[in-house]
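Presented below is the structure to which this report refers.
The values are calculated or read from the model by the stated rules, or taken from the named source; none is laboratory data. Not measured: the values here are computed from a predicted model. With ideal geometry, Cβ positions are generated from the backbone for all residues, glycine too; neighbour counts draw on all protein chains shown. Just so you know, the surface numbers come from the protein's heavy atoms only, side chains and all, with ligands and any DNA or RNA stripped out. Shrake-Rupley method; radii C 1.70, N 1.55, O 1.52, S 1.80 Å.
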Amino acid sequence: MVRTFTRAIVRKPCPEIVHGITSANLGKPDFGRVMEQHQDYVEALEQCGFRVIVLISDSRFPDSAFIEDVALCTSACAIITNPGVVSRKGEKDGMREVLSEFYQDIEEIRSPGTLEAGDVMMVDAHVYIGISKRTNRDGAEQLIGILDKYGLTGSTVPLKTVLHLKTGVSYLEQNNLLVCGEFIDCKDFDPFNRIEVPAYESYAANSLWINGTVLVPKGFPVTLAKIEKAGYPIIEMDVSEFQKLDGGLSCLSLRF
Ligand code: CIR
């Protein structure tokens, strides 16, 4: 089964994004370039057939452009998550109202459970949930319980080094999985055709399948060639300013 998405929700970056959380050591993002790259991202989504809903920026939360983390949009319901870091907790407020335009059933992850949807990878009716510094077992178990009500399933994958599960693994549909580092030998992913991302291109492990096309971050030629060889049309995107904040292509939107 291959999914088709028709809508995406993004949040415009706020000037405070330059103070967002980071472990990247790549310097401070340039806000002008952040805005340009974000606009290019929106246009790429539109090119892939999406109607893109652009939420206004929220200066209270520097990392709020990484909207993927605060909600999970499944085929059956939407789930508002509970970020695992204090500075991002409030980003979820207001998401119920946004999502209620599109979903009848909206669920929530509650404390002490934490979950960021960067840790959730959907593969047909199953989700893989990374147990990370941001997503705890309680949050993952709540999510699995919620999904069960809608006929969906979930399982957990403990993370070792990456921020989020999808920092190191991306599902490209047709049973193809882009994998890097700790996920190359991960038994949970044995059923997939693995496309290996070399360690020196690890950022490109967060590439984004959208309705048949794959968005790939600019500057990672080995990974790009491998994805191309697997038969996918590609859009290369410069997201250097988001990389400085540990954010990748998937983090910038909710797609459903
Ligand atoms: C954070 O550390 O929360 C942000 N600077 C980056 C979030 C990236 N989100 C994602 O991988 N889904």
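A few remarks follow.
- Top-ranked residue of segment 56-75 - restricted to ones that are more than 16 Å from the chain's Cα centre (by Cα) and crowded, with 16+ Cβ neighbours inside 10 Å, ranked as nearest to the ligand (Cβ to nearest atom): P62
- The residue of segment 164-217 that is surrounded by the fewest Cβ atoms within 10 Å (Cβ to Cβ), among those that are within 16 Å of V127 (Cβ to Cβ) and of a type in the set (D, E), is D188.
- Residues in segment 1-21 that are in contact with a Leu (Cβ under 8 Å, 6 or more places away or on another chain) and either within 12 Å of the ligand (Cβ to nearest atom) or not in a loop (DSSP other than H, G, I, E, B) (or both): A8, I9, V10, R11, I17, G20, I21.
- In segment 22-35, of all residues being open to solvent by less than 60 Å² (accessible area, probe 1.4 Å) and either within 11 Å of the ligand (Cβ to nearest atom) or closer than 22 Å to L72 by Cα (or both), the one that is nearest to the chain's Cα centre (by Cα) corresponds to A24.
- Candidates in segment 157-192 are the residues that are of a type in the set (G, A, S) and farther than 15 Å from K226 by Cα; of these, the one that is farthest from the ligand (Cβ to nearest atom) is G181.
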